Amino acid sequence: MTAGIYASRLGLKTFLITRNFGGQVAKKAVDIENYPGFKKISGLELVRKMEEHLRVCDVEIMIDEVIKIKKKGKEFLVRTAQKKEFGSKSLILATGADPRPLEVPGEKEFLGKGLSYCAVCDGPLFRGKVVAIIGGGNAGFETAIFLKNIAQKIYILESGTELKAFAANQEIVKKGGKAEIITNAVLKEIRGDKLVNAIIYEDKKTGKEKELKVEGVFVEIGHQPATAYAKDLVDFNERDEIKVEFETCQTKTPGLFAAGDLNIGPFKQIVTAAGEGAKAALAAHNYIQKKARQ
Ligand SMILES: Cc1cc2nc3c(=O)[nH]c(=O)nc-3n(C[C@H](O)[C@H](O)[C@H](O)COP(=O)(O)OP(=O)(O)OC[C@H]3O[C@@H](n4cnc5c(N)ncnc54)[C@H](O)[C@@H]3O)c2cc1C
């Protein structure tokens, strides 16, 4: 959205293709307290304000999913899931990251039938129910904070020996009294009938498998860059993040920029993603002007 705002204000004919507005921010379970200008704001509200700003700019918007990008002569070609193809002089990739899947039996079968990757979207469906959160990092604990007034009981499963969440988040969850935290717990399977009714995990200390009766499972084991569609035109690091020059967010292909969580930048934050969106649009503008002079 920031790249769109900047590109249009620089006078570029700007076309924005996205699956949805807000990405990870829209799914954030607790308020944001580190985006300048807002002491405390919910993810949905911040996204709404950004979208409102974007929509007063001269940007054409299409809801679709990019499945492939190519270069043909001087032009970039973008193909979408709805089988459309568009050409452009420059391209800014800002597709962020998607939730990392569990890759255990039952995951695909029970998605939307008790298994969720988004507590903000699906949490209210679990009122009075027993749920498990997979992942003891900040995302897992923020999900527990969000669910503590909804669910009857919350299990948090962490595969490591120690919890990775900030102490402040752990304190809030532990005070609530509803959460039971299980470390050294490696999820093995999600079971159910039509809907989830249990999970199986391995206790790493004993090697034994255990069952927990739950009606909901929230997956919070991190994110992976949404970059597969770009593989012909960019280089990746070992985490599939796109390699860029930090000054401009340019990839190895001139005119192709990558901003936000999908690149090798070490800090994945809203303000850094927005900053890179601005940087990439300014660099794309320079690139197009330089090409026009050649
Ligand atoms: C639980 C959690 C809590 C967080 N809390 C904070 C916080 O308090 N403060 C903070 O600063 N940061 C926080 N972050 C990090 C922050 O959310 C991210 O750094 C930021 O959202 C990155 O923005 P982005 O635009 O790069 O990517 P994303 O937010 O991932 O957005 C990418 C967008 O691209 C779309 N997309 C993906 N693939 C395609 C495709 N092929 N075609 C079309 N569209 C596509 C997605 O649908 C999405 O709309 C948090 C993250 C998580 C997971």
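The values are calculated or read from the model by the stated rules, or taken from the named source; none is laboratory data. The shown structure was predicted, so the numbers you read here are calculated from the model rather than taken from an experiment. All Cβ positions, glycine included, derive from the backbone under ideal geometry; neighbour counts span all protein chains shown. Heads up: the accessible areas ignore ligands, DNA and RNA and are worked out on the full protein's heavy atoms, side chains in. Shrake-Rupley method; radii C 1.70, N 1.55, O 1.52, S 1.80 Å.
Entry remark, segment 280-292: residues being closer than 30 Å to Ile41 by Cα and open to solvent by 70 Å² or more (accessible area, probe 1.4 Å) number 1 in total.
Of all residue pairs spaced 6 or more apart or on separate chains, those with beta-carbon atoms under 6 Å, a first member in segment 78-91 that is more than 22 Å from Lys290 (Cα to Cα) and a second member that is among the basic types (Lys, Arg) and open to solvent by 50 Å² or more (accessible area, probe 1.4 Å) are Glu85/Arg79. Of the residues making up segment 19-46, those that are without any contact (Cβ under 8 Å) to a residue 40 or more places away in the chain and either under 22 Å from Asp64 (Cα atoms) or of a type in the set (S, T, N, Q) (or both) number 3. Would you please name the residue that is farthest from the ligand (Cβ to nearest atom), looking only at residues in segment 80-97 that are surrounded by 16 or more Cβ atoms within 10 Å (Cβ to Cβ) and assigned to a strand (DSSP E or B)? Here the answer is Ser88. For segment 139-176, the candidate set comprises residues that are of a type in the set (Val, Ile, Thr) and open to solvent by 40 Å² or more (accessible area, probe 1.4 Å); within that set, the residue that is nearest to the chain's Cα centre (by Cα) is Ile172. The condition of being open to solvent by 50 Å² or more (accessible area, probe 1.4 Å) and without any contact (Cβ under 8 Å) to a residue 60 or more places away in the chain does not hold for Gly136.
Looking only at segment 98-127, which residues are within 16 Å of the ligand (Cβ to nearest atom) and open to solvent by less than 20 Å² (accessible area, probe 1.4 Å)? Walk me through it before giving the result.
First, the residues of segment 98-127 that are within 16 Å of the ligand (Cβ to nearest atom): 98-102, 116-123.
The answer is Ser116, Cys118, Ala119, Gly123.
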